[in-house]
Amino acid sequence: MSTDDPLSMAVIEALATARGVDPLDLTFNLYEWVDADVLDSFASITNDQWQFEFVVDEHLVTLRGDGTVRIDGHDPADLYPSQPT
């Protein structure tokens with residue numbers, strides 16, 4: 001994930017990784033759960049001492065000011081170490 005990519009895309013990729021699927025294979029749309037524009041606006045916050053949590057399809061998503069995205073309290077790669085090819 002590039003630092004130029006929006007936070008909403010980081011969330012989609014993290015959720016897909018946690019489920020072990022391609023982002024295009026997710027069975028929900030992020031915008032049904034949270035306003036993606038609001039997520040993307042967090043990138044403009046200069047203080048990295050913030051945290052935002054929300055639920056997406058029974059997963060607790062945590063965004064942190066340091067750029068960390070966690071799913072259910074874990075790094076998504078720890079939940080599903082490698083995506084299928």
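Here are a few things to note about the model shown:
- Segment 4-42, residues that are farther than 22 Å from Asp78 by Cβ and in contact with a Gly (Cβ under 9 Å, 6 or more places away or on another chain): Phe42
- Residue that is surrounded by the most Cβ atoms within 10 Å (Cβ to Cβ), among those in segment 54-66 that are closer than 18 Å to Thr17 by Cβ and not hydrophobic (A, V, I, L, M, F, W, C): His59
- Of the residues making up segment 68-85, those that are under 13 Å from the mean Cα position of the chain (by Cα) and either of a type outside the set (Gly, Ala, Ser) or modelled with pLDDT of 85 or more (or both) number 9.
- Checked across segment 7-19, the condition of being out of contact with any helix residue (DSSP H, G or I) (no Cβ under 8 Å at 6 or more places or on another chain) and outside any helix (DSSP H, G or I) holds for no residue.
- Any hit, segment 43-52, residues being modelled with pLDDT of 90 or more, more than 13 Å from Gly20 (Cβ to Cβ) and touching a Phe, Trp or Tyr at 6+ places or on another chain (Cβ under 9 Å): yes
The values are calculated or read from the model by the stated rules, or taken from the named source; none is laboratory data. The model shown is predicted, which means the values in this text are computed figures rather than measured ones. Neighbour counts run over all protein chains shown; Cβ positions are idealised from the backbone, glycine included.
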